[in-house]
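Input: a single structure, listed below in structure tokens.
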Amino acid sequence: MAASRKIVPFRLPPLPTIGEIIKLYKLRAEKQLSQNFLLDMRLTDKIVRQAGCVRDAHVCEVGPGPGGLTRSILNAGAADLLLVEKDNRFIPGLKLLSEVAPGKVRIVQGDILTYRMDRGFPKVLTKAWEDDPPDLHIIGNLPFNVSTPLIIKWLENISNRTGPFVYGRTRLTLTFQKEVAERLTASTSSRQRSRLSIMAQYLCTVKSCFTIPGRAFIPKPEVDVGVVHFTPLAQPQIQQPFKLVEKVVRNVFQFRRKHCHKGIEMLFPEAQRLELAEVMMREADVDPTLRPTELSITDFRALTDAYSHLCSENPGLLAYDFREELRLKHLNKRMGMTTVRTQKT
Ligand code: SAM
């Protein structure tokens with residue numbers, strides 16, 4: 001009888017510590033790139049555990065820097081790890097990691113905001129959207145100045161099933177400035193409820209995992225950091241194009257302390273403002289005296305559906321932007337004044 005062979009889990013061999021790597025390669029943190037390093041492996045292991053099971057999975061790590069989180073991902077048994085790092089000073093240290101984990105690490109020196117993730121992984125990974133998520137995770141201790149534009153871009157990608165989501169409902173485990181993490185996960189009527197809460201929650205199950213105190217990073221940032229996990233929903237809660245949803249949500253939240261009808265009115269040109277806002281609120285069956293923070297995702301679904309309906313009946317409405325109308329009004333006023341002045345002289 002053949003002896004059953006025990007599978008030995010992969011562990012990285014002894015390596016210089018991350019602190020030693022930072023010294024060895026003289027990796028001073030660059031403020032411009034929002035570099036705050038995590039050196040405590042218990043914390044990096046904890047971030048990786050929030051992603052779920054990464055054993056034998058494909059993983060993309062965003063901004064690996066000196067490689068603390070990278071080591072935790074490899075120790076958790078990832079089969080294929082794609083590193084996207086903008087700062088070339090980190091590449092030699094990351095190459096060292098790829099040498100001790102042969103065939104597992106791929107390094108891309110580039111900007112995650114422009115990197116074509118849809119080409120980064122084998123197509124065989126792809127799962128149907130309604131199926132379970134693919135065996136692909138995105139994990140990152142993101143730079144603060146990149147995290148918000150990046151999550152907005154990825155939410156749009158989720159809506160269009162592009163970028164990292166051509167493979168299906170790819171899960172994300174990312175860090176944010178604590179305040180941004182709170183906004184992403186804020187529920188109806190909470191103080192932190194904002195545009196970001198609606199945009200994230202209509203497309204994903206968003207889970208706040210834990211907070212990392214600022215003092216755990218080197219150098220210490222001004223703020224604490226929140227770890228957030230996103231799983232794209234099989235059925236988005238709003239079935240309208242991303243840009244349309246974004247427009248409605250942005251308008252509603254621009255007067256966050258006022259009744260929601262105030263922001264909704266601004267979706268319409270001045271001449272029809274009150275009339276069309278009333279039609280929209282009536283069709284959506286949403287109480288106009290609720291504050292933006294009190295509106296549920298269901299309310300936003302009804303509002304975006306009603307707005308889409310009005311746009312289909314009023315050509316040009318979707319492209320209307322009250323800020324542009326205001327800008328032209330001011331411009332005309334100024335031109336008028338200039339003309340009067342010129343005539344007088
Ligand atoms: N992951 C490391 C850790 O936890 O110690 C470093 C985290 S540090 C907050 C952010 C990292 O992202 C830095 O290594 C920085 O160079 C990198 N970075 C900044 N902007 C980036 C971008 N647009 N694309 C890819 N990496 C970026």
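Computed from the coordinates by the stated procedures, all read-outs in this text should not be read as laboratory data. As the structure is a computational prediction, the values presented were derived from the model and not from experiment. No Cβ is skipped: glycine too gets one built from the backbone with ideal geometry, and neighbour counts run over all protein chains shown.
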* Expressed as a rounded percentage, what relative contact order does the chain have, with Cα pairs under 8 Å and six or more residues apart? -> 13
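Size of the dipole of the chain about the Cα centre, Lys and Arg at +1 and Asp and Glu at -1 on the beta carbon, nothing else charged, in debye to 20?
Numbers: 51 positive and 36 negative charges, 242 e Å.
For the chain, the charge dipole is close to 1160 debye.
For the ranges 104-113, 175-184, 12-21, 82-91, what's the packing order if you count other beta-carbon atoms within 10 Å of each residue, average per peptide, and put the highest first? Numbers along the way, then the final one.
On the way: 104-113: 15.6, 175-184: 22.0, 12-21: 13.8, 82-91: 19.1.
For the peptides 104-113, 175-184, 12-21, 82-91, the packing ranking is 175-184, 82-91, 104-113, 12-21.
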* Calculate, for residue 273 and residue 145, the FRET efficiency according to 1/(1 + (r/R0)^6) with r their C-beta to C-beta distance and R0 25 Å; round to the nearest 0.05. => 0.10
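Residue separation times 0.36 nm, minus the C-alpha to C-alpha distance between residue 208 and residue 187: what's the value? Each step should come with its number before you reach the end.
Values: separation 21, 0.36 × 21 = 7.56 nm, distance 1.16 nm.
So the chain would gain 6.4 nm between residue 208 and residue 187.
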* Report, in degrees rounded to the nearest 10, the 0 to 90 angle that the Cα long axis of helix 41-50 makes with the longest principal axis of the chain. => 60
* Tilt relative to the chain, helix 273-284 - C-alpha long axis, 0 to 90 degrees, to 10 -> 50
* Along the positive direction of the dipole of the stretch 72-184 (beta-carbon charges: Lys, Arg +1; Asp, Glu -1; about the Cα centre), which of 172, 108, 134 reaches farthest? -> 108
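Tell me whether the chain comes out rounded, prolate or oblate; compute the Cα gyration tensor, take square roots of the eigenvalues as a ≥ b ≥ c, and use a/c under 1.5 as the rounded threshold. List each step's numbers first, then the result.
Working: a/c = 2.51, a/b = 1.82, b/c = 1.37.
It comes out prolate by the Cα gyration axes.
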* To do: Would you grab the residues whose amide H sits under 5 Å from the one on residue 205? Only those 5+ places off in sequence or on another chain, please, with H modelled 1.01 Å from N.
  => 231, 233
* To do: Calculate the spin-label point distance for residue 119 paired with residue 312, positioning each point 7 Å from the Cα along the beta-carbon direction, and give it in nanometres.
  => 3.8
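Using a Förster distance of 56 angstrom, determine the FRET efficiency expected from the C-beta separation of residue 26 and residue 282, and round it to 0.05. Write down the numbers at each step before the final one.
Numbers: r = 65 Å, r/R0 = 1.16.
Step by step, r from the Cβ atoms, then E = 0.30.
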* To the nearest 10 degrees, how steeply does helix 91-100 sit against the main Cα axis of the chain, on a 0 to 90 scale? -> 50
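What FRET efficiency comes out for residue 234 versus residue 34 if R0 is 35 angstrom and r is the Cβ-Cβ distance? Round to the nearest 0.05. Show your work: numbers first, answer last.
Working: r = 34 Å, r/R0 = 0.96.
With R0 = 35 Å, the Cβ-Cβ based efficiency is 0.55.
With a 10 Å radius around each residue's Cβ, average the other Cβ atoms per peptide and rank 258-268, 275-285, highest first. Let's see the in-between values first.
Values: 258-268: 20.1, 275-285: 16.4.
Packing proxy ranking, top to bottom: 258-268, 275-285.
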* Packing-wise, with mean Cβ within 10 Å as the measure, how do 318-328, 34-44, 52-62, 213-223 rank, highest first? -> 52-62, 34-44, 213-223, 318-328
* Asked: What ³J(HN,Hα) values, in whole Hz, does the Karplus curve 6.51 cos²θ - 1.76 cosθ + 1.60 give for the stretch 202-210 when θ = phi - 60°, with x put for Gly and Pro?
  -> 6, 9, 9, 7, 10, 10, 7, 8, 6
* According to a simple spin-label model (label point 7 Å from Cα along Cα-to-Cβ), what is the distance in nm between residue 222 and residue 130? -> 4.8
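Between residue 42 and residue 95, what length comes free when the chain is fully extended (0.36 nm per residue of separation minus the Cα-Cα distance, one decimal in nm)?
On the way: separation 53, 0.36 × 53 = 19.08 nm, distance 2.29 nm.
So the extension gain works out to 16.8 nm.
Any chance you could run the full-extension gain for residue 111 through residue 12? It's 0.36 nm times the residue separation minus the Cα-Cα distance, nm to one decimal. List each step's numbers first, then the result.
Numbers: separation 99, 0.36 × 99 = 35.64 nm, distance 2.72 nm.
Here the segment from residue 111 to residue 12 would lengthen by 32.9 nm.
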* To do: Give me the distance in nm between label points sitting 7 Å out from Cα along the Cα-to-Cβ direction at residue 289 and residue 330, one decimal.
  => 3.4
* To do: Name the shape class, rounded, prolate or oblate, that the alpha-carbon gyration tensor gives for the stretch 249-345, where a ≥ b ≥ c are the square roots of its eigenvalues, rounded holds for a/c under 1.5, and otherwise prolate holds if a/b is larger than b/c and oblate otherwise.
  => prolate
